[in-house]
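The values are calculated or read from the model by the stated rules, or taken from the named source; none is laboratory data. Note that the structure is a prediction, hence the values are computed from the model and not measured. We place every Cβ from the backbone using ideal geometry, glycine too, and count neighbours over all the protein chains shown.
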Amino acid sequence: MSRRRLVVVPAVLAAGLLALAACAPNNSGQSSSGTPSPMPTTANPPSSSSVPTPDDPCAKEKLSLVNAGKLTIGTDSPAYPPYFEDDDPSNGKGFESAVAYAVAKNLNFAPEEVQWIVVPFNKSYAPGAKDFDFDINQISITPKRAEVVTFSDGYYTVNQAVIALADSPVAKATSLAQLQAAKLGAQVGTTSLSYITEFIKPTQEPYVYNDTNDAKSALRNGQIDAIVVDLPTAFYITAVEIPKGKIVGQFPAVDGYEEFGMLFQKDNPLAICVDKVLSGMKDSGELEQITNDWLVGGADAPYFTE
Amino acid sequence: MSADVAYVDPARAHSRKRKSRRDVLIGLGSLAVFVLLVGVVVSRLPGWPVVQETFFNLDEFVSSFPQLLSAFWLNIRIFIVAEVFILIVGMVVALARTLQAPIWLPIRVVATIYTDVFRGVPTILVILLLGFGIPALDLQGVPNSEVLWGTVALVLSYGAYVAEVFRAGLASVHPSQRMASRSLGLSSWQTNRHILLPQAVRNVVPPLLNDFISLQKDTALVSILGPIEILRRAQIDTSMSFNYTPYVAAAVIFIALTIPMSRFADWLQARTQKQRRAAATV
């Protein structure tokens, strides 16, 4: 092989990379916003409650959407009760499904114009363009996360609760100190887990599971003493799934770990419109109504003392 | 082959030396140009700043590293214990499958079914089944430790692979070796022990190591049962900060263990080859 050809080798490899790079840019950010409607005056659907003016940036036809004309909403699968029912977000049943459809309605989308896609939690915050307008999946708003994505305002203030089998010694705990010696479990990526490590500070390392189902198996098997979940889930689990289970108690909300928000692409202007709609729903009592419809109140679960 | 025995013309030796030095320079130069060009291209990709921020964030790397390292200790313990038992299981099953006499048919059948089933079933299912299934049986005196059952599941799963590797190794030894050994009066057991196995094992060291490197990473599967090992630790950190750098940090730790292992295997290979060659010249 001649020397000249040797020198050419890295150049050729690099040229190949350059060629790849040339086709790589994906004109990032939001994909096509719906084509602007030529006749804004005819665009007001009769159902509209907020009566958008033609220059309202939140008018349906001005929103920049992933799929033109449709509101694309993501959530994980399986979608668990009481936030969703029958693993089918499009049936409008369950708290988050109901909230999503109410938000869609207030943005003047008909239920048929809402489409759901499966977005695993790990994928929801991946860099690059998102394939949903927003993701609603019991995601807690934290400042650290908000550096990477944009959150809506909170739509639910969540408390964390501890479940144990009724006949286990942990079931009688009334203070945090009594929980510290227990073998605790939680689902990965949840603020429940953060509660364990930052709030309860147990003496043993917590057990961490892919989903609540695995955590429940471990609890039933006696492999762990208690699991930490959000309170609505705790009510559902003890009422339906583990009748032998008992809500030992709940924690008072801790700053920065208490609100569920919808997740958007960073700086997606749609978030502003959703916030507007949410605050309208809060003022009108619509959100409270949905909350009462789907989530059991937490008044009868005792609070832990510090 | 040895240069110190044969006579070499000093002028030719000199030119050879110069040529080899030139080759090294060309190689290094080529490498430098390549690395430079790749660096320039990658850093100019439009999405690179985002990728760098989400995957190669130095602050995240530094802050997650110590916890990852301490979580890795669990992987190492699972790995070492599993490895020992995998070798035993693999060897026993491989030998069982080579039994010839008709009376051993049941053993052969069981061993064959074992390798077929456990190679075909996803490891994650075996782990779930043993880790959550056996404690659910609520048997008296049976431990319900997740790490224990996770390790047993890995042993069963990898034992099947390693059994096939050993079997291939046994098949690679020429039949004349067995015949020669038996005609010298060694028993079947002695033939296996002193003639066949040493050669077989030597032949399969590279594929065995391959399996062990793979096992090292699969120890992370035990995390589905609850214990926090390195990948789970990384996942927790990632889900809190929405930054994937902890996974990269975990990868660095894994690599730091596999590279020495690979080099050790290479060295082992080179050594046995040398010994063989030396023996052949006698």
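Which one of B:279, B:265, B:234, B:270 is at pLDDT 90 or above and aliphatic (A, V, I, L, M)?
B:234
Which helices (runs of 4 or more DSSP H) does region B:1-120 wholly contain that include 1 or more residues that are of a type in the set (Phe, Trp, Tyr), within 14 Å of chain A (Cβ to nearest Cβ) and out of contact with any helix residue (DSSP H, G or I) (no Cβ under 8 Å at 6 or more places or on another chain)?
Those helices (runs of 4 or more DSSP H) span B:58-98.
Looking only at region B:39-62, count how many residues are of a type in the set (S, T, N, Q) and free of Cβ contacts under 8 Å to residues at least 12 places away in the same chain.
2
Filtering region A:194-210 down to residues that are touching a helix residue (DSSP H, G or I) at 6+ places or on another chain (Cβ under 8 Å) and among the hydroxyl-bearing types (Ser, Thr, Tyr), which residue is farthest from the other protein chains (Cβ to nearest Cβ)?
A:203
Can you spot a residue in region B:41-54 that is over 30 Å from residue B:237 (Cα atoms), within 30 Å of the chain's Cα centre (by Cα), of a type in the set (Val, Ile, Thr) and surrounded by 13 or more Cβ atoms within 10 Å (Cβ to Cβ)?
No: zero hits.
Can you pull out the residues in region A:228-280 that are under 17 Å from residue A:184 (Cα atoms) and in contact with a Ser or Thr (Cβ under 8 Å, 6 or more places away or on another chain)?
Within region A:228-280, A:228, A:229, A:230, A:233, A:237, A:245, A:246, A:247, A:249 qualify.
Checking residue A:253 against (1) among the small types (Gly, Ala, Ser); (2) away from chain B (no Cβ under 14 Å); (3) without any contact (Cβ under 8 Å) to a residue 24 or more places away in the chain, only one condition comes out false. Which one?
Single failed check for residue A:253: (3).
Considering only region B:206-222, I want to know if a residue exists there that is of a type in the set (D, E, K, R) and over 30 Å from residue B:132 (Cα atoms).
No, region B:206-222 has no match at all.
Would you please name the residue that is surrounded by the fewest Cβ atoms within 10 Å (Cβ to Cβ), looking only at residues in region A:108-117 that are closer than 20 Å to residue A:277 by Cα and either of a type in the set (D, E, K, R) or in contact with a Ser or Thr (Cβ under 9 Å, 6 or more places away or on another chain) (or both)?
By that ranking, first place goes to A:112.
Hey, among B:255, B:228, which residue is of a type in the set (A, V, I, L, M) and not in a helix (DSSP H, G or I)?
None of the others qualify; the one that does is B:228.
Every residue in region B:167-212 that is outside any helix (DSSP H, G or I) and buried (at least 16 other Cβ atoms within 10 Å of the Cβ), please.
B:173, B:186, B:204
Within region A:121-148, can you find the residues that are in a loop (DSSP other than H, G, I, E, B), under 22 Å from residue A:258 (Cα atoms) and more than 11 Å from chain B (Cβ to nearest Cβ)?
Hits for region A:121-148 are A:136, A:137, A:138, A:141.
Condition first: farther than 30 Å from residue A:197 by Cβ and either charged (D, E, K, R) or within 14 Å of chain A (Cβ to nearest Cβ) (or both). Now tell me which residues in region B:183-229 satisfy that.
Correct list: B:193, B:202, B:211.
Check off (1) touching a Phe, Trp or Tyr at 6+ places or on another chain (Cβ under 9 Å); (2) at pLDDT 90 or above; (3) surrounded by fewer than 18 Cβ atoms within 10 Å (Cβ to Cβ) for residue A:214 and give me the number that stays unchecked.
Condition not satisfied by residue A:214: (3).
Inspect all residues belonging to region A:280-301 and state whether any of them is under 30 Å from residue A:107 (Cβ atoms), under 23 Å from the mean Cα position of the chain (by Cα) and within 14 Å of chain B (Cβ to nearest Cβ).
No, there is no match, as no residue in region A:280-301 is under 30 Å from residue A:107 (Cβ atoms), under 23 Å from the mean Cα position of the chain (by Cα) and within 14 Å of chain B (Cβ to nearest Cβ).
Out of (1) within 29 Å of residue A:240 (Cβ to Cβ); (2) part of a loop (DSSP other than H, G, I, E, B); (3) at pLDDT below 90, what's the single condition that is false for residue A:170?
Going through (1) within 29 Å of residue A:240 (Cβ to Cβ); (2) part of a loop (DSSP other than H, G, I, E, B); (3) at pLDDT below 90 one by one, residue A:170 breaks only (2).
Examine region A:235-248 for a residue that is crowded, with 23+ Cβ neighbours inside 10 Å, within 14 Å of another protein chain (Cβ to nearest Cβ) and under 20 Å from residue A:81 (Cα atoms), and state whether such a residue exists.
Scanning region A:235-248, I find no residue that is crowded, with 23+ Cβ neighbours inside 10 Å, within 14 Å of another protein chain (Cβ to nearest Cβ) and under 20 Å from residue A:81 (Cα atoms), so the answer is no.
Could you check region B:100-127 and list, in sequence order, the residues that are without any contact (Cβ under 8 Å) to a residue 60 or more places away in the chain, under 25 Å from residue B:146 (Cα atoms) and of a type outside the set (Gly, Ala, Ser)?
Selection gives B:114, B:115, B:117, B:118, B:119, B:121, B:122, B:125, B:126.
Can you find a residue that is in contact with a helix residue (DSSP H, G or I) (Cβ under 8 Å, 6 or more places away or on another chain) and within 12 Å of another protein chain (Cβ to nearest Cβ) anywhere in region B:252-259?
No, the conditions are met nowhere in region B:252-259.
So that you can scan it fast, the table gives a plain yes or no per residue for (1) closer than 25 Å to residue B:235 by Cβ; (2) β-branched (Val, Ile, Thr); (3) under 13 Å from the mean Cα position of the chain (by Cα):
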site: A:98; (1), (2), (3): no, no, no
site: A:106; (1), (2), (3): no, no, no
site: A:132; (1), (2), (3): yes, no, yes
site: A:136; (1), (2), (3): yes, yes, yes
site: A:150; (1), (2), (3): yes, yes, yes
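Could you please give the count of residues in region A:177-189 that are part of a loop (DSSP other than H, G, I, E, B) and away from chain B (no Cβ under 11 Å)?
The number of residues fulfilling the criteria is 2.
Looking at region B:230-243, which of its residues are at the interface with chain A (Cβ under 8 Å from one of its Cβ atoms) and closer than 16 Å to residue B:66 by Cα?
Hits for region B:230-243 are B:232, B:235, B:236, B:238.
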